[in-house]
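Okay, structure first, notes after.
The values are calculated or read from the model by the stated rules, or taken from the named source; none is laboratory data. Just so it is clear, the model here is predicted, and its values are computed rather than measured. Cβ placement follows ideal geometry from the backbone for every residue including glycine, while neighbour counts extend to all protein chains displayed.
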Amino acid sequence: MINRRQWLYGVGIMAGTAAQSGSVLAPSAGDPQKTQHRTLDVSEFVPTSMLQVHESHVERARFPVIDFHTHITTSASSESGVALASDRQFLGTTEELLAVMDRKHIRAMVNLTGGYEKGLDEAIARYDRAFPGRFYTFTEPCCERWKEPNYPQVQAQAIEQAHRQGARGLKILKTLGLYLRENITSGELVKIDDPRFDPMWDACGRLNMPVAIHVSDPLAFFTLTDRFNERYEELNNHPNWSFHGRDFPSNAELLEARNRVFARHPRTQFVVLHVGNFSENLANVAENLDRFPNMTMDIAARIGELGRQPRSARKFFETYQDRILFGTDATPHGDEYPQQVFNDQLYEIYYRFLETDDEFRLRSGEDPAPGAMAYLRYQSARNGSS
Ligand SMILES: [Zn+2]
């Protein structure tokens, strides 16, 4: 005898339910008529797509590429998400970077996290000056000076100094809004539209330095880490990536504060990273692009979201093509963020996504290892999207 539930499973009607709850059904060894309910750890679920569809290999971009969003250097000393000194870590040698760039038709890479002062000098000397036209480095705010009473002026002067050093723009990490606090690592969170940053935004406008700004994070990071969370696996692995609860503002509050900055500084160009930091809601990104002529965006590390709404994404790209920058979030040896590792495969994924009509397909028998296109498209992302 089988009960109704088992019968429904048997004819496949509840198969979706079974997959969602992380359980599988397999015939028991002795009696193929009987089914046995097993549990499967979600981290072990590595399905092979059965779709028989064409797969293109795009080894070189059709046109020369500028990767607007890379992290060739990063801060060597951060605490609670706030960089506290200018020292840089150099993640890739120019030889290894240029080899991939030449193979993949990348004319230039923009190194967003160049720091300031001495660290910035070193980054510019090692990359920008050594290979003109191939590397461009951005500066970052000096958060360790936040407590100084004249910080607004100090920071504006630091931007001018960085510009003289050769920095081409300013990078704002999600530090602003989510990590930087009144006492740097303690106290109340500093708001994105805090007026103490106004001279910094204005200095960038005056010097024609675009601001590459990352605020907020994937929407799922602001909801409970439970079985309904589409990024459960990565949040479960990195609980500190969650901004749910505690004293964190909501995603909407962060974006509203950001928009007030755009409105207040119309002469400053803002490149909003990761699909306007709201790849889950392209209608909202479109609305903001319409509203703020000083806003553009990149597509770094969000193929997972774009690929799951291919029709809307295509329309969006066609409408806003002159406002969208190519970027990947490439991080040489960034093994902690599998989706961002700088290598040939990373660029092939983007080129395939942008240049072909290929459909979703996980290669047969392939572990959805870091960089697999299907993984990017379907499973949204594992990275912390820095
Ligand atoms: Zn990044």
Among the residues of the stretch 98-114, is any surrounded by fewer than 17 Cβ atoms within 10 Å (Cβ to Cβ) and farther than 18 Å from Thr328 by Cβ?
no
Based on what the data block shows, is Gly177 small (Gly, Ala, Ser), touching a helix residue (DSSP H, G or I) at 6+ places or on another chain (Cβ under 7 Å) and touching a residue at least 60 places away in the same chain (Cβ under 8 Å)?
yes
Residue count for the stretch 210-226, restricted to those that are assigned to a loop (DSSP other than H, G, I, E, B) and free of Cβ contacts under 8 Å to residues at least 60 places away in the same chain
4
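Considering the stretch 203-222 alone, what residues qualify as being over 18 Å from the mean Cα position of the chain (by Cα) and at negative phi? Outline the logic, then answer.
Here is the first cut: in the stretch 203-222, the residues over 18 Å from the mean Cα position of the chain (by Cα) are 203-210.
Passing the criteria: Ala203, Cys204, Gly205, Arg206, Leu207, Met209, Pro210.
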Return a yes/no flag: does the stretch 151-158 have any residue that is polar (S, T, N, Q), more than 16 Å from the ligand (Cβ to nearest atom), without any contact (Cβ under 8 Å) to a residue 60 or more places away in the chain and farther than 19 Å from His265 by Cα.
no
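Could you list, in sequence order, all residues of the stretch 210-229 that are buried (at least 21 other Cβ atoms within 10 Å of the Cβ) and of a type outside the set (D, E, K, R)? Lay out the reasoning, then the answer.
Here is the first cut: in the stretch 210-229, the residues buried (at least 21 other Cβ atoms within 10 Å of the Cβ) are 210-218, 220-221.
Across the stretch 210-229, the qualifying residues are Pro210, Val211, Ala212, Ile213, His214, Val215, Ser216, Pro218, Ala220, Phe221.
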Applying the selection to the stretch 193-228, what residues are under 20 Å from Gly327 (Cα atoms) and either aromatic (Phe, Trp, Tyr) or within 16 Å of the ligand (Cβ to nearest atom) (or both)?
Pro210, Val211, Ala212, Ile213, His214, Val215, Ser216, Asp217, Pro218
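Report the residue count in the stretch 27-55 for those that are at pLDDT below 70 and surrounded by fewer than 11 Cβ atoms within 10 Å (Cβ to Cβ). Write out each step before concluding.
Keep residues of the stretch 27-55 that are at pLDDT below 70, which gives 27-34.
Checking the rest, the ones that are also surrounded by fewer than 11 Cβ atoms within 10 Å (Cβ to Cβ) come to 29-33.
Adding up the residues that qualify gives 5.
Got at least one residue in the stretch 115-133 being outside any helix (DSSP H, G or I) and either of a type in the set (Lys, Arg) or within 16 Å of the ligand (Cβ to nearest atom) (or both)? I'd like the intermediate steps shown before the answer.
Within the stretch 115-133, the first condition is being outside any helix (DSSP H, G or I), and the residues that meet it are 115-116, 130-133.
With either of a type in the set (Lys, Arg) or within 16 Å of the ligand (Cβ to nearest atom) (or both) added as a condition, the list becomes 115.
Yes, that holds for at least one residue.
What number of residues within the stretch 54-78 satisfy the criterion of being touching a strand residue (DSSP E or B) at 6+ places or on another chain (Cβ under 8 Å) and closer than 15 Å to Cys142 by Cβ? So that I can check it myself, show each step before the final result.
Our first condition is that a residue be touching a strand residue (DSSP E or B) at 6+ places or on another chain (Cβ under 8 Å); within the stretch 54-78, this holds for 61, 64-77.
Imposing the further condition that a residue be closer than 15 Å to Cys142 by Cβ reduces the set to 75-77.
Going through the stretch 54-78 one residue at a time, the tally reaches 3.
Confirm whether Arg308 is closer than 30 Å to Tyr127 by Cα, more than 13 Å from the chain's Cα centre (by Cα) and assigned by TED's automatic domain parsing to the domain that holds Leu224.
On the way: closer than 30 Å to Tyr127 by Cα: no; more than 13 Å from the chain's Cα centre (by Cα): yes; assigned by TED's automatic domain parsing to the domain that holds Leu224: yes.
So Arg308 does not fit the description; no.
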Could you check the stretch 279-304 and list, in sequence order, the residues that are within 16 Å of the ligand (Cβ to nearest atom) and within 19 Å of Ser250 (Cβ to Cβ)?
Ser279
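Does Arg267 satisfy being surrounded by fewer than 16 Cβ atoms within 10 Å (Cβ to Cβ) and either within 28 Å of Ile159 (Cα to Cα) or not assigned by TED's automatic domain parsing to the domain that holds Glu188 (or both)? Don't jump to the end; show me each part of the working.
Details: surrounded by fewer than 16 Cβ atoms within 10 Å (Cβ to Cβ): yes; either within 28 Å of Ile159 (Cα to Cα) or not assigned by TED's automatic domain parsing to the domain that holds Glu188 (or both): yes.
It is true that Arg267 is surrounded by fewer than 16 Cβ atoms within 10 Å (Cβ to Cβ) and either within 28 Å of Ile159 (Cα to Cα) or not assigned by TED's automatic domain parsing to the domain that holds Glu188 (or both).
Looking at Phe326, is it modelled with pLDDT of 95 or more and within 16 Å of the ligand (Cβ to nearest atom)? First the steps, then the outcome.
Numbers: modelled with pLDDT of 95 or more: yes; within 16 Å of the ligand (Cβ to nearest atom): yes.
Yes: the conditions hold for Phe326.
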In this structure, is Phe317 surrounded by 17 or more Cβ atoms within 10 Å (Cβ to Cβ) and part of a helix (DSSP H, G or I)?
no
Starting from the stretch 322-333, keep only residues that are assigned by TED's automatic domain parsing to the domain that holds Ile299, then list their pairs with residues that are assigned to a strand (DSSP E or B) and among the charged types (D, E, K, R) whose Cβ atoms are within a distance under 8 Å, requiring at least 6 positions of separation or different chains.
Ile324/Asp298; Leu325/Asp298; Phe326/Asp67; Phe326/Asp298; Gly327/Asp67; Gly327/Asp298; Thr328/Asp67; Ala330/Asp67
